[in-house]
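The values are calculated or read from the model by the stated rules, or taken from the named source; none is laboratory data. In this text the structure is predicted, and so the values were computed from the model without any measurement. Backbone-built Cβ (ideal geometry, glycine too); neighbour counts: all protein chains shown. Remember, those area values only see protein heavy atoms, side chains included, never the ligands or the DNA or RNA. Shrake-Rupley method; radii C 1.70, N 1.55, O 1.52, S 1.80 Å.
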Amino acid sequence: MPASPIEVYSWPTPNGHKIHIMLEECGLPYNARPINIGKGDQFAPEFLQISPNNKIPAITDPDGPDGKPISLFESGAILVYLAGKTGQLLPRTDRERYDVLQWLMFQMGGVGPMLGQAHHFRMYAPEKIGYAIERYSNEAKRLYGVIDKQLSKNRFIAGKTYSIADIAIFPWLRSWENQGITLTDYPHLKAWFDGIAARPAVQRGVKVLADLRQPITGDKEREILFGKTQYAKR
């Protein structure tokens, strides 16, 4: 009997791409359900039931660990769940598994938030704040340097094997220009980046829902994403 598809509530952002890529790499059936964050879909009550932090992505798997449906939010948790479900892209030995998990946490706690801030203040902030641009652009360069150094010693982020750590970090580096980065300044990272980008599953994953995304140009979209709507009590 074929597996029931996983429902993926997502949008074509770095965090969304992580899960699209993972599902493609693992060969799991899924349905991509668009949550248009520019229009405020993330605040709908039915979405908040599975993602109480009103962030994409979130999933519902009809075949959870106990044979019952399970819903999950937070992209890092979803990656770990899908790796456990399929036995793929997360090593089984303790030492290798923790190597992957520490780099996954590095992405969740550093790469995503800091590169997101660099992107925001450089591209979307209504006023150019020199201190913020310099602070987050410098932090972006520092993080790229950390990754480049790691990849000078390893083929992949957490060692010899492609893993969820690579899947988590890669989408955040696709907007390197908007983060104030010159990719050729990080040769080891660039070689890794080009190799990941060439993977067929990655190419399929970054195309999921991509045709629906539009540039953020209107005041209403900016308010939903960055204004009072984002912080309203629900």
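Some values worked out for this structure:
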read-out: Distance from region 178-227 to region 29-101 (C-alpha centre basis), Å; value: 20
read-out: Heavy-atom surface of region 73-189, accessible at 1.4 Å and reported per residue (Å²); value: 51
read-out: Linear extension gain, Lys228 paired with Asp211, 0.36 nm per residue minus alpha-carbon span; value: 3.3 nm
read-out: The chain: relative contact order as a whole-number percent, Cα under 8 Å and 6+ apart; value: 25
read-out: Size of electric dipole in region 181-234: Cβ of Lys, Arg +1 and of Asp, Glu -1, about Cα centre, debye, nearest 20; value: 320
read-out: Principal axis box of the chain, alpha-carbon based, largest edge first, Å; value: 56, 46, 29
read-out: Unit charges on C-beta of K, R, D, E only; dipole of the chain, Debye; value: 320
read-out: Extension gain from Ala3 to His188, taking 0.36 nm per residue of separation minus the Cα-Cα distance; value: 62.7 nm
read-out: Per residue Cα convex hull volume in Å³ - calculated over region 45-102; value: 88
read-out: Within the chain, helix-based [θ] at 222 nm, where runs of 4 or more DSSP H residues each add -39,500 (n - 2.57), nearest 500; value: -14000 deg cm²/dmol
read-out: Loop-located trypsin sites (Lys or Arg not before Pro) in region 60-167 whose Cβ has at most 16 other Cβ within 10 Å (DSSP); value: Arg92, Lys128, Lys153, Arg155, Lys160
read-out: Most to least accessible of Thr93, Thr229 (protein chains only, probe 1.4 Å); value: Thr93, Thr229
read-out: Student exercise, region 1-66 dipole from Lys, Arg, Asp, Glu Cβ charges, in Debye to nearest 20; value: 340
read-out: Residues whose placed amide H lies under 5 Å from that of Arg33, excluding near-sequence neighbours; value: Val8, Tyr9, Ser10
read-out: DSSP beta bridges in the chain [antiparallel fraction, %, rounded to 5]; value: 60
read-out: Heavy atoms of Thr86 accessible to a 1.4 Å probe, total area in Å² rounded to 10; value: 40
